[in-house]
Amino acid sequence: VQAPVLLGKTFTITAGPTREPLDPVRYISNHSSGKMGFALAKAALELGATVNLISGPVSLSAPEGATLFPIETARDMLNSALQLAPQSDVFIGCAAVADYRAATIAEHKIKKQGDEITLTMVKNPDVIAHVAALKENRPYTVGFAAETQDIQQYAKAKLKNKNLDMICANDVSVKGLGFNANDNALSLFWSDDCLNLPTTSKQQLAMQVMHALSKRLN
Ligand code: C5P
């Protein structure tokens, strides 16, 4: 049994992909499984925290005790995040948010046309950057970075540019790790420190992340 080191703390965690509609039957999304975000939620609960889980469409069931806020689009996620973050001690952005959405959502199913069609996309809001920019009741804000090269450099740049307190970086170019996998390896960065967590199950890693985090909160 774990000591309840997060007792009294409220976490809001984003997980999974977002789904950006093109028309009533089609969408753009990505392969995020939600496993890492759900593992973080479970670990936080086991350590005594209260957990809000804002999740895109995934095939996992929420850990018992978590309050699930199901969303589809990045803009839905932003709305939920901005409602929950000010009442949270910690915000963790683990979701794979679509960077762009269709500029317009067709009211009716887009008809088959010529050999090429063009889709105009516009930038989605950066959910975690909005949370980190809160002027009042800003939670301790933790991001994720999936990189395929120069992990440390890119992760540290994101830590700074998005005004995060901590970032968890993983190398998604390694086969069997990251997206959709059960195992992962993470490097944690703060402005003044770093910690390498070698390959293990996402559930084990989630617990290690929570312990590293709890030391920072106290
Ligand atoms: O910039 P990049 O997408 O690599 O940053 C990843 C981090 O930012 C993750 O914590 C992710 O959940 C968050 N993010 C977000 N909203 C976006 C894009 C990324 O919250 N539109």
Number of the condition not met by ALA145 [criteria: (1) in a strand (DSSP E or B); (2) under 26 Å from PRO21 (Cβ atoms); (3) within 14 Å of the ligand (Cβ to nearest atom)]: (2)
THR67 surrounded by fewer than 18 Cβ atoms within 10 Å (Cβ to Cβ), of a type in the set (Val, Ile, Thr), within 30 Å of THR10 (Cα to Cα) and modelled with pLDDT of 95 or more: yes
Close pairs from the range 121-139: first closer than 25 Å to LYS9 by Cβ, partner within 8 Å of the ligand (Cβ to nearest atom) and among the basic types (Lys, Arg), Cβ under 8 Å, at least 6 apart: ASP126/LYS162; ILE128/LYS162; ALA129/LYS162; ALA132/LYS162
Single match in ALA85, ALA95, ALA74 (criterion: in contact with a helix residue (DSSP H, G or I) (Cβ under 7 Å, 6 or more places away or on another chain), more than 29 Å from VAL174 (Cβ to Cβ), crowded, with 22+ Cβ neighbours inside 10 Å and of a type outside the set (Asp, Glu)): ALA85
Residues of the range 112-139 satisfying the condition of being under 26 Å from CYS194 (Cβ atoms) and over 14 Å from the mean Cα position of the chain (by Cα): ALA133, LEU134, ARG138, PRO139
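The values are calculated or read from the model by the stated rules, or taken from the named source; none is laboratory data. Not measured: the values here are computed from a predicted model. With ideal geometry, Cβ positions are generated from the backbone for all residues, glycine too; neighbour counts draw on all protein chains shown.
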